[in-house]
Structure formats: structure tokens, C-alpha cells
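Below you'll find the structure, written out as C-alpha cells, and then a few comments.
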Amino acid sequence: SETISKCYVQVTGMTCASCVANIERNLRREDGIHSILVALMAGKAEVRYNPAIIHPSAIAELIRELGFGATVMENCGEGDGILELVVRGMTCASCVHKIESTLMKTNGVLYCSVALATNKAHIKYDPEAVGPRDVIQVIKDLGFTTSLVKKDRSASHLDHKQEIRQWKRSFVVSFVFCIPVMGLMIYMMMMNGHPSDAHTHPNTSSEEREAPHSSMVLDYQLLPGLSVMNFLSFLLCVPVQVFGGWHFYIQAYRALKHRTANMDVLVVLATSIAFLYSFVILLVAMAERAKVNPVTFFDTPPMLFVFISLGRWLEHVAKGKTSEALARLISLQATEATIVTLGPDNVLLSEEQVDVELVQRGDIVRVVPGGKFPVDGCVVEGHSMVDESLITGEAMPVTKNPGNTVIAGSINQNGSLLISATHVGADTTLSQIVKLVEEAQTSKAPIQQFADKLSGYFVPFIVAVSVVTLLAWIIIGFVDFEIVEKYFLGYSSSISMAEVIIRFAFQASITVLCIACPCSLGLA
């Protein structure tokens, strides 16, 4: 009575089914190895061996000699089957105890927990010894009705339609309002484009350098201190700030709540400060009845929102594409299987239709012509042609004779086949492909993780820099006022010196914020 142990080996470098066959064929010949099962997509081999003769490390070495990479997987829990059941008819805690204790006594059940409130049972089992149907039968024998928790096969969680819609809307709103703001800005630049004042902001045109062809219309003051240009910019900026920036505000709020700073925080910070500063400056100018129109930054928020929401929109469209492919893949999975019981000499005794999730390893499954293979397996009886194009891309049907392997999701063509299930549930090739695509979608590229990490430092850094700018200019202004006077055009003696300095310092620090914000686009 030799003991049999089981180990899992992670195998890399397998490219196709012949690699799998190669490994299985060569290892079966070795002493002490009872059986080996290799899953191509999962890249792992399940080996049953006699520990008295051979060790897992030696098995991995054997696979390496065949030219593949192999490492022994430490956590052998990988091979455990997990079953979620809905159990009806439980009335009290003793029912729960009855089910749990009976299941735990069952050979092959490793763990079991039943929740009375939700009517759910969570069971871990060893697929070698026991299968989902056995477990269900045990519960039924105790007098309860039970069924599988229905898996959502629609892949609705992969749907990006809603995000695509919301970012598209966000982009369109920002874009519509951004065009006129851009137009106004360019117009001002063209009109005020004298070499002497090229370094000033487009909408400062002070009386001292009023050119005859200047944009008088836009500089015309509706109310003292409120020019047409600034008023229009303000009107165009409000809807963008509210509708275009809505999602950014929500995201930024969530990020700050968790004490992290991401791109959204920076976008919101720059646009809000630019907007509020410009708004306050306008109110101050109106209160002062200033003759000179103040410099505002109403052009910043719409521009930023346009670029960033466009980026987000495109990103979700791309994600939606892979999700569509995934949903198609998932729809390839068969939902039911016909399990047959064979007597001596492969005589058909009985057959029953069951859910795919209930097929156990070692079951004999019958696949009729035109039917889908519900699980990966090995042909026991029958001859047929099989269309495996969904997995291999091979358009020509492949001949299947007893002993050949078949892949879940491929389509049987002309003959009826009996197959013995080797990989079921989450281990089938198709499930593994779905899992890989899902993981690829949810995991981040290394460069993206790096960018996220950077932006964590980037945001506080930029805020710090702009605060330093603010303080520096205030200090410079109070120490040497001439410098500020030289750069702050449209300075008229009607405003106090302190206010000029503060205004100028604010202008400088906001400029830093607004310029640094699209840098985050570079990061992204």
C-alpha cells in the first residue's frame, strides 16, 4: 500500500498542445509518477507521485530537462475545488450543524461553512476524491433542497458603456464651451500682438499702451472693472466647471477622503483655484471700479478639462473593446453537459443533463454532433471531426479518435463522442483564457504603476512649489517693489502697493499650478 502525494508544478515555455503531450508522455514513463495532468493556459502541471521514490523538486527537474521552465508551487491549495451552494429548507442552527458535520465527515471535503441567514453554503473539496454532485447528493440525503449559486455568465461587470457615455458627455460639454474661449483668447492675442507687450497676458491692455487697432470691443467695460472679454469668459467657464468637471470633483473628493493625491486632485485644484481666483479678482476690480481690466485665468479650466476628458473617454473606449472580446469568449462556454454512466464494455446505462459546473473530473460526458464540448477531456469512444478554431485559430476541423484531447468550447461536427473529463470548472482552457484576459484588464502595466506612484508625490510637490512662489514674490515685493512694478503691467497708482504685490504673487503662483497640471498629462 504505497502512499500517493500530489504536487503542483508551474511550467513556463509551453506554446501548444504538443508541448503538453510531450511533458505528459515523458513523465509518465518515470518511476514513482502515477499520473500527470498539464493545463496549458494555466501553465501548471498536477502530478501524483510516490514520495518514497521521487520528490517534487526532481519532478520539476525532469520537466526542465525537456526544455521548459519549471518550479514547484508551494501552496497546494491551488487544486482545491470551491463550491457555492444555495441550501433551502434550513430552519435553525441545528440544521446548519447537521449539514456541516455530515459534510466534514465526507471523504474529500476539506472545509465547509453554512450561513443560515443567507441560505448559502461554502465548501472546499479535493477534486480527486469528491465532486460537486457528490456534495449536493449528501445535502439532499439529509432532506434539504440545494442548487448551485448561479454564476453571472453575461460578463456585465466588464461593460464600460456607462463610463464611455459619461466621459464622452464630459468631453463634449467642455469642448463646446472651450472653442469660444479659445477664439476670444486668440483674438485678443492677435489684436494686442505688439512686440513691446508680447510678454503680458493677452487680456491686459492698459491705457498707457492702447494701440489704435486694439480690441476695443472686448475691452469695453460693461460695469466698471468688468470687461466684455472677462464677462464672456466667465459665462463660458461656469458650465465647464460644473458639468465638465463633475466627475473629476467626485473622484478628487474620494481620493482626498482616503488621504491620497491623484491626477484628479491636481486637475481639480488647478482649475478650481484658477476659476475662483479669476472670479474674486473680477469682484475686487468691480468693487474698486478699476479702469484697467484685471488679468483672469478663465481660459485655463475649459482647456484642461477638454484634454483630460478626451483622454479618459478614449481610454474607456479601448477598455470596452477588450471587454467585448471577453464577453464573446464567455459566451462560448457551454451551459449544460450530458453525463453518461457506462457499464462493462462501455455499455450505456443511463445519462443525465447537468449544469456544466457540476461536471466532475473523471466523468464520462457525451457530446452529440453539433454540440459544444463542456469541459476539457480525453476521447474515450467515437470518431469525429472537431472545430477548434476558437482556441487554436485553425480553420480546418481536427480529427478526434480515442485517446485524443478535446478543448472546452470547441464544436463537435459529425460524430458522437464520449469523453472523460480531465479539466473542469475554472481549470478548463477557456476559463483560463477568460481569467487571463480579465487579469490583464484589471492589472496595471508597470509603467502605469510607476506613474501612479509618481503622481502621489507630484501633486504635493507642485502645490508646495506654487506656495513657495507665492511667498517668494510677496517677500520680494515688500523688499524691492520696483521689480514687481516692472513686471506687473497695468499697475495704476489707484491701488495700494500691498495689494499689487499680493495680486502679482497670486498670479505667479496660479500660473505655476496651471502649467504643472497638464504635466500630469505627460505622466499619464
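The values are calculated or read from the model by the stated rules, or taken from the named source; none is laboratory data. Everything quoted here is computed from the prediction, not taken from an experiment. Here the Cβ positions follow ideal geometry from the backbone for every residue, glycine too, while neighbour counts run over all protein chains shown. In case anyone asks, the SASA skips ligands and DNA or RNA and just uses the protein heavy atoms, side chains included. Shrake-Rupley method; radii C 1.70, N 1.55, O 1.52, S 1.80 Å.
Of the residues making up the range 6-28, those that are over 14 Å from residue 40 (Cβ atoms), touching a strand residue (DSSP E or B) at 6+ places or on another chain (Cβ under 6 Å) and open to solvent by less than 50 Å² (accessible area, probe 1.4 Å) are 7, 8, 27. Cβ separations smaller than 6 Å between residues 6+ apart or across chains give the following pairs from the range 383-408 residues that are under 18 Å from residue 42 (Cα atoms) to residues that are in a loop (DSSP other than H, G, I, E, B): 390/332; 390/409; 391/407; 406/373; 407/388; 408/373; 408/375; 408/428. Is the range 364-385 home to any residue that is of a type outside the set (A, V, I, L, M, F, W, C), modelled with pLDDT under 95, closer than 16 Å to residue 431 by Cβ and open to solvent by 30 Å² or more (accessible area, probe 1.4 Å)? Yes, the range 364-385 has at least one match.
Candidates in the range 467-498 are the residues that are among the β-branched types (Val, Ile, Thr), open to solvent by 80 Å² or more (accessible area, probe 1.4 Å) and more than 17 Å from residue 512 (Cα to Cα); of these, the one that is modelled with the highest pLDDT is 475.
Criterion applied to 464, 426, 440 was being surrounded by fewer than 20 Cβ atoms within 10 Å (Cβ to Cβ), in a helix (DSSP H, G or I) and at pLDDT below 75, and the one residue passing it is 440. Look at residue 335 and say whether it is surrounded by 18 or more Cβ atoms within 10 Å (Cβ to Cβ) and touching a residue at least 12 places away in the same chain (Cβ under 8 Å). Here the answer is no, as residue 335 does not meet what is asked. Criterion first (crowded, with 23+ Cβ neighbours inside 10 Å and either over 28 Å from residue 502 (Cα atoms) or not assigned by the TED database to the domain that holds residue 133 (or both)) does residue 296 satisfy it? When the stated conditions are applied, residue 296 passes them.
Is it true that residue 326 is open to solvent by 20 Å² or more (accessible area, probe 1.4 Å), assigned to a helix (DSSP H, G or I) and hydrophobic (A, V, I, L, M, F, W, C)?
The answer is no for residue 326.
Checking each residue of the range 405-421 against the condition of being of a type outside the set (Lys, Arg), open to solvent by 30 Å² or more (accessible area, probe 1.4 Å) and in a helix (DSSP H, G or I) gives no match. Within the range 225-260, the set of residues being within 16 Å of residue 299 (Cα to Cα) and part of a loop (DSSP other than H, G, I, E, B) comprises 245 only. All of (1) surrounded by 13 or more Cβ atoms within 10 Å (Cβ to Cβ); (2) modelled with pLDDT of 85 or more hold for residue 81 with one exception: (2).
Just a yes or no: is a residue in the range 29-36 open to solvent by 50 Å² or more (accessible area, probe 1.4 Å) and within 26 Å of residue 437 (Cα to Cα)? Looking through the range 29-36, none of the residues is open to solvent by 50 Å² or more (accessible area, probe 1.4 Å) and within 26 Å of residue 437 (Cα to Cα).
Scanning the range 294-339 for residues that are more than 28 Å from the chain's Cα centre (by Cα) and of a type in the set (Asp, Glu), we see that the one that is farthest from residue 174 (Cα to Cα) is 336. The residues on offer are 42, 52, and the sole one that is in a loop (DSSP other than H, G, I, E, B) and surrounded by 15 or more Cβ atoms within 10 Å (Cβ to Cβ) is 42.
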